[in-house]
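Below is one structure, written out as structure tokens, with a few remarks after it.
Bear in mind these aren't lab numbers, they're just calculated from the coordinates by the rules spelled out. These figures come from a predicted structure and were not determined experimentally. Note: ideal-geometry Cβ built from the backbone for every residue, glycine included; neighbour counts use all protein chains shown.
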Amino acid sequence: MATIDIGKAMKNPATTFGAPEAVEAAAGLTHEQKHAVLLQWKDQLQQLMAAADENMPGPETASGANADCLRRIVDALSRLDPPHGR
């Protein structure tokens with residue numbers, strides 16, 4: 001991936017990166033940008049999952065896939081910001 005449009009990445013991280021691990025590996029982003037993109041992606045997935053729980057599914061409603069992606073985002077965030085005291 002050449003130059004990353006951070007604005008586009010923040011609007012739709014899934015389309016820009018495809019996988020949370022790709023955000024971690026992105027050489028064109030600072031640590032803070034990676035963290036922000038992953039948090040945005042996490043928030044978007046949580047909103048999609050809440051809507052699905054309320055029987056308001058959106059266009060991308062594979063809840064199992066969303067749950068797996070959410071887990072991978074949380075894992076990526078923990079690798080970017082490991083807990084203190086280790």
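List of remarks:
- Mean separation of Cα contacts under 8 Å (6+ apart) over length of the chain, as relative contact order %: 31
- Amide H to amide H distances under 5 Å link Ile4 with no residue, where only residues 5 or more positions off or on other chains count and H is placed in the peptide plane.
- When the charge dipole of the chain is built from unit charges on Cβ atoms (+1 for Lys and Arg, -1 for Asp and Glu) and taken about the Cα centre, the candidate among Leu29, Thr16, Gln40 whose Cα reaches farthest toward its positive end is Leu29.
- For the range 42-55, backbone phi angles converted through the Karplus equation (6.51, -1.76, 1.60; θ = phi - 60°) give residue-by-residue couplings of 4, 4, 4, 5, 4, 5, 4, 5, 5, 5, 5, 5, 9, 6 Hz, Gly and Pro being listed as x.
- Electrostatic dipole magnitude of the range 6-80 [Cβ: Lys, Arg +1; Asp, Glu -1; Cα centre; debye, to 20]: 220
- Gyration tensor (alpha-carbon) shape descriptor, the chain, a/c threshold 1.5: oblate
- The sum of -39500 (n - 2.57) across all DSSP H runs of n ≥ 4, divided by the residue count of the chain, sets its helix-only mean residue ellipticity at 222 nm to -20500 deg cm²/dmol.
- Packing around the peptides 70-80, 21-31, taken as the average count of other Cβ atoms within 10 Å per residue, puts them in this order, highest first: 70-80, 21-31.
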